[in-house]
Amino acid sequence: MNNQSLSAWVEEVARQTEPDRVVWCDGSEEEYRGLVQAMLRDGTLHELDQVAYSGCYLHRSHPSDVARTEHLTFICSDRAEDAGPTNNWMSPTEAREKVGRLFDRSMRGRTMYVVPYLMGPAGSSASKVGVEITDSAYVAASMRIMTRMGKVALEHLGTSSDFCRGLHSLGDLDPERRFIAHFPEERLIWSVGSGYGGNALLGKKCFALRIASTMGRDEGWLAEHMLIMGLEDPSGNVTYICAAFPSACGKTNLAMMVPPASQPGWKVWTVGDDIAWLRVGADGRLWAVNPEAGFFGVAPGTSRKTNPHALATVQRNTIFTNVAMTRERHPWWEGMDGQVPAELTDWKGRPWTPASKEPAAHPNSRFCVPAKQCPSVSSLMEAPEGVPISAFVFGGRRAKLAPLVYESRDWAHGVYLGASMASETTAAATGKVGVVRRDPMAMRPFCGYNMGDYFRHWLEMGRGRSSFPKVFHVNWFRQNEAGKFLWPGFGENLRVLRWINDRVHGRAKGHETALGIFPAEGELDTSGLDLHASAMSELFSIDRDAWIEDLADQEAFFGSFGDKMPEEIWREHRALRSHLSP
Ligand code: GDP
Ligand code: PGA
Ligand code: MN
Ligand code: MN
């Protein structure tokens, strides 16, 4: 390694954190096995049944460290205005005092791992290098799954000083001394006091979304909280789609969906399940790469019925975090197939029976697994140029209000659909679950800059570009009065994707409504579905009063951006209001 700026930074960090030893990670299989062995010895990992689950391990986190902590996440831009109203801001000076000091001697008695990693395919001009320094073997091992780690990253970097610096220490895991601080101007991340994926695997949310979104603003591209999938029709044509849903709202499921037997010939190819980096190609289309190499997916709810490909993927080489364990040492979580076992070890390591009050697996328990193990992984996942995107799909969890699917009238209206998104909160972040909050483009927790500027950037990206993706909005989570989901979801979502595909290729007419373009009569295939008689009309009903209420909430939210809020979005907002007026 002959990169001066990298070695200088590593030395500086070692002087501050005082580790017992420094290990440069090369990303090899051998090194990974060594990390696992060490973690089995010190109790960080527990071995699962190595016959049925070869190479699979269980990690139990500190019980207070199970999800992203948005209230402890900061954007430390020079100016508060650049963080905007949706981020917590801390001045770089204050951060150095308050957060920087927590790294003093924080690695005493520990090993410091230097983890160079590449986000994006090897050899791609879209790819970026990050280096994470961490005192957690669990983080180093997980980074090997989630990124292209070690040699390939250093080769991409060469002697350049252009890499994202990420410093991570478990600290003492006390939430009082937990901070995730981002310095977008310096491409620097400090994370202390948490080992949880979204807080500690710095390539993921911190770099590939928060820091990368600011790079995209400056350089004219987009870093988005989106899955990337290829939809193959029965004649073999593949259409690529990106979808943005908030955390724990269905991205991983949709990205690797298995179409039901009623839809012969259709296939879904997985390019990515969480993050997309998008650039305009020479052909004027928008091209996407998945910066990651693995999936860090929600375990509960994953079953043979809902997500068979995820289940097949996690049979080997998987690190599970905070799931329960059966007597046979198999991983288990709520929503898995088959009978609930009579006894389990719960995510905290305690005996559990079906009579226990709490869930056996933590609601945000996760699997961490190489993407290439997924049966539906796309052959273009490693393509340096990525895949050309024909549709953007926004969506969230809305028990009420949002219809099953509709399309925007044009690009500005599409950006408005993204900007006005809202969704019920989930266990992926600490705090109350099930509260509706505005979550533009599913990026509220991940946009590293002022979202008013972000909306403007979106508008500019697509302005006048006729070959840009068409924009849709979906909602798999609408409920009836009794609180039951109206739509079967999962594999049956293919029916909705088919309408989207038909619209993209000019084969469906749709019909105009106040909200946008709905499927016209007969365009959405519901044959053979066991739906309640009124389900489809409920799924597409427009509750005028509820929308007027939502518009008031939108108005307050958009208003919080002051004069950063683009007039074009206001115009769309007002247009909807007038469309809804009798
Ligand atoms: P992600 O965090 O956005 O990747 O979301 P996941 O795909 O991991 O799904 C999160 C949770 O939502 C899981 O418990 C899924 O079982 C559930 N889920 C995903 N898709 C659907 C759907 O179409 N309908 C319903 N009802 N639940 C879904
Ligand atoms: P998710 O990823 O979107 O798959 O839940 C983790 C997160 O967003 O925290
Ligand atoms: Mn996510
Ligand atoms: Mn996911």
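Return the total of residues in region 241-255 being more than 10 Å from ligand 4 (Cβ to nearest atom) and surrounded by 24 or more Cβ atoms within 10 Å (Cβ to Cβ). Within region 241-255, residues that are more than 10 Å from ligand 4 (Cβ to nearest atom) and surrounded by 24 or more Cβ atoms within 10 Å (Cβ to Cβ) number 4. Each residue in region 368-416 was checked for being within 23 Å of Phe477 (Cα to Cα) and either within 19 Å of the chain's Cα centre (by Cα) or free of Cβ contacts under 8 Å to residues at least 12 places away in the same chain (or both), and 8 pass. Filtering region 17-31 down to residues that are touching a strand residue (DSSP E or B) at 6+ places or on another chain (Cβ under 9 Å) and assigned to a helix (DSSP H, G or I), which residue is farthest from Arg110 (Cα to Cα)? Across region 17-31, the extreme among qualifying residues is Glu31.
Report whether or not Glu155 is of a type in the set (Asp, Glu) and out of contact with any Gly (no Cβ under 9 Å at 6 or more places or on another chain). For Glu155, the condition - of a type in the set (Asp, Glu) and out of contact with any Gly (no Cβ under 9 Å at 6 or more places or on another chain) - is met. Inspect all residues belonging to region 220-239 and state whether any of them is polar (S, T, N, Q), within 16 Å of ligand 4 (Cβ to nearest atom) and at pLDDT 95 or above. Checked against the condition, which is being polar (S, T, N, Q), within 16 Å of ligand 4 (Cβ to nearest atom) and at pLDDT 95 or above, region 220-239 yields no hits at all. Is it the case that some residue within region 357-376 is in contact with a strand residue (DSSP E or B) (Cβ under 7 Å, 6 or more places away or on another chain), open to solvent by 30 Å² or more (accessible area, probe 1.4 Å) and within 23 Å of Asn493 (Cβ to Cβ)? No, that holds for no residue. In this structure, is Pro331 more than 16 Å from the chain's Cα centre (by Cα) and open to solvent by 10 Å² or more (accessible area, probe 1.4 Å)? No. Taking the conditions (1) surrounded by 15 or more Cβ atoms within 10 Å (Cβ to Cβ); (2) under 25 Å from the mean Cα position of the chain (by Cα); (3) not basic (Lys, Arg) in turn, Pro63 satisfies each one other than (1). Taking the conditions exactly as written (basic (Lys, Arg) and touching a helix residue (DSSP H, G or I) at 6+ places or on another chain (Cβ under 8 Å)), does Arg463 satisfy them or not? In short, yes. Among the residues of region 341-362, those that are over 29 Å from the mean Cα position of the chain (by Cα) and assigned to a loop (DSSP other than H, G, I, E, B) comprise Pro341, Ala342, Glu343, Arg350, Thr353, Pro354, Ala355, Ser356, Lys357. Whether a residue is among the hydrophobic types (A, V, I, L, M, F, W, C), open to solvent by less than 60 Å² (accessible area, probe 1.4 Å) and either modelled with pLDDT of 95 or more or closer than 30 Å to Ala83 by Cα (or both) was assessed, and Ala546 passes this test.
Just to be sure before I move on: is Ser578 open to solvent by 50 Å² or more (accessible area, probe 1.4 Å), of a type in the set (Gly, Ala, Ser) and closer than 30 Å to Pro259 by Cβ in the structure I sent? No.
To keep it simple, each residue is scored yes or no on (1) touching a Leu at 6+ places or on another chain (Cβ under 7 Å); (2) over 17 Å from Val129 (Cα atoms).
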| position | (1), (2) |
| --- | --- |
| Gly158 | no, no |
| Arg177 | yes, yes |
| Gly198 | no, yes |
| Arg210 | no, no |
| Asp218 | no, yes |
| Ile228 | no, yes |
| Leu231 | yes, yes |
| Pro234 | no, yes |
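Regarding Met215, is this residue outside the structural domain of Trp458 (by TED's automatic domain parsing) and of a type outside the set (S, T, N, Q)? Yes, satisfied. If you go through region 550-579 and keep only what is assigned to a helix (DSSP H, G or I) and of a type in the set (Ser, Thr, Tyr), you end up with just Ser578.
Number of residues in region 451-478 that are part of a loop (DSSP other than H, G, I, E, B), in contact with a Lys or Arg (Cβ under 6 Å, 6 or more places away or on another chain) and open to solvent by 10 Å² or more (accessible area, probe 1.4 Å) equals 2.
Among the residues of region 414-438, those identified as within 16 Å of ligand 2 (Cβ to nearest atom), within 29 Å of Met536 (Cβ to Cβ), in a loop (DSSP other than H, G, I, E, B) and open to solvent by 10 Å² or more (accessible area, probe 1.4 Å) are Thr425, Thr426, Val433, Gly434. For region 394-413, indicate whether the set of residues that are open to solvent by less than 10 Å² (accessible area, probe 1.4 Å) and under 26 Å from Trp89 (Cβ atoms) is non-empty. Yes - at least one qualifying residue is present in region 394-413. With respect to the conditions (1) under 14 Å from the mean Cα position of the chain (by Cα); (2) away from ligand 2 (no atom under 12 Å from the Cβ); (3) open to solvent by 10 Å² or more (accessible area, probe 1.4 Å), Asp274 falls short on a single one, namely (2).
The values are calculated or read from the model by the stated rules, or taken from the named source; none is laboratory data. Everything numeric here is computed off the predicted structure, so don't read it as measured data. When we count neighbours, we look across all protein chains shown, and the Cβ atoms used for this are built from the backbone with ideal geometry, even at glycine. Keep in mind that these areas ignore ligands, DNA and RNA; they rest on the heavy atoms of the full protein, side chains included. Shrake-Rupley method; radii C 1.70, N 1.55, O 1.52, S 1.80 Å.
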